[in-house]
């Protein structure tokens, strides 16, 4: 459709000054045409969003949506169908198979897909992708970044024993060096030692991102006494960002709550959705936002950290805000009281008292506007 009117929704986009004011939004030719208390549009299809939150389209900066690589599943399964209008593939492809990923999946999907290119030349198409420095092709990586600046918005490396093997810290040091040379943010997956998290944090600079920051494993962001490690505090002072990256083994309620008591909140909220967790325990970004909301995050913060914050950090033009002239990507959700037990990625449980439920995901590719209607019972 070319024209869509969303009426009576409670707009939530703090960066634009919307704090649940009831307003109408008119989308036309793929863009936000008008936001006002009352809009009439005779030619528009209408969605009544009474009792619902209307936010910018959700942005999930950590998924795996290159099916030809380990963990990958089609972009629209992890994007639109799970309530995110924009997703980032976090390191599934490398310099040597990125063009296949782009032509066969990115260009074919309805979901907007951006890429964090793996520093390993074949990404997750090969096991233990950083256990041999010959798997890093510096020149091919730089050439891909230079050729596709419209889509490759950052680099990705996994700092975990199962990935780096005997190479330890060296592949991560090289990844940071290359990222800073090409002036793109590096997202680093942190997991089991080696390499040591302290070493990883010390090479990161402003704009780099630590994903799985609150995983709860030994050697994480907490000292033995529960305080935040000095290297994490210093990294934050330098402008390094900390992301949830829930995943199957990478988010602990206890670790996150302990960090919150020390004002060491997350900066970004992502899912790490892939073939092993999209049917649980992660499900979708709204489910992860609900968990954070019930861990003490404010509603405004969880929405911002999955919309305007990533959009501005990665300079995604026209995305992440409710603003006239911006791309017509919106999320319609219900915030409901509940009494529901959920688990983190290590098996600990939390009782949700409030839950965000997906209702409509509205997205634009060019002039056309489409609506995906979710099963609200899920």
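A short reminder: the numbers here are calculations on the coordinates, not readings from a lab. These numbers come from a predicted model, not from an experiment. Positions of Cβ are backbone-derived with ideal geometry, glycine not excepted, and every protein chain shown enters the neighbour counts.
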Using alpha carbon centroids, what distance separates segment 262-328 and segment 1-62, in Å? 18 Å
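Run the helix sum for the chain: -39,500 (n - 2.57) per DSSP H stretch of 4+ residues, divided by residue count, reported at 222 nm to the nearest 500 deg cm²/dmol.
Numbers: 11 runs with 79 residues, N = 378.
That comes out to -5500 deg cm²/dmol.
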Sort 267-275, 157-165 by the packing proxy (mean of other Cβ within 10 Å over each peptide's residues), most packed first. 267-275, 157-165
Inter-site label distance for residue 104 and residue 68 at 7 Å from Cα along Cβ, in nm: 0.4 nm
Under a no-solvent Debye model with one identical scatterer per Cα of the chain, what's log10 I(q)/I(0) at q = 0.08, 0.12 Å⁻¹? -0.38, -0.86
As I understand it, the value is the acute angle between the Cα axis of helix 138-147 and the longest principal axis of the Cα atoms of the chain; what does it come to in degrees, rounded to 10? 20 degrees
Suppose we keep just the DSSP beta bridges with both residues in segment 62-313; what percent of those would be antiparallel, to 5? 5 percent
Can you pull the three principal axis extents for the Cα set of segment 83-156, in Å, largest first? 37, 25, 19
With contacts defined as alpha carbon pairs under 8 Å and 6 or more residues apart, what's the relative contact order of the chain in percent? 19 percent
May I ask you to compute the full-extension gain from residue 199 to residue 371, defined as 0.36 nm times their residue separation minus their alpha-carbon distance, rounded to one decimal in nm? 57.4 nm
With each label point set 7 Å from Cα along the Cα-Cβ vector, what nm distance links residue 181 and residue 354? 4.7 nm
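What does the highest-first list of 191-199, 123-131, 110-118, 93-101 look like by mean Cβ count within 10 Å? Walk me through the intermediate numbers first.
Values: 191-199: 18.4, 123-131: 20.9, 110-118: 25.3, 93-101: 22.7.
Most protected by this proxy first, the peptides run 110-118, 93-101, 123-131, 191-199.
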What is the angle, in °, between the Cα long axis of helix 170-182 and the longest principal axis of the Cα atoms in the chain? Nearest 10 is fine, range 0 to 90. 50 degrees
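With an 8 Å Cα cut-off and a minimum separation of 6 or more residues, compute the relative contact order for segment 145-191 in percent. Kindly include the intermediate steps, with their values, before the conclusion.
Values: 46 pairs, mean separation 24.6, N = 47.
Computed over segment 145-191, the figure is 52 percent.
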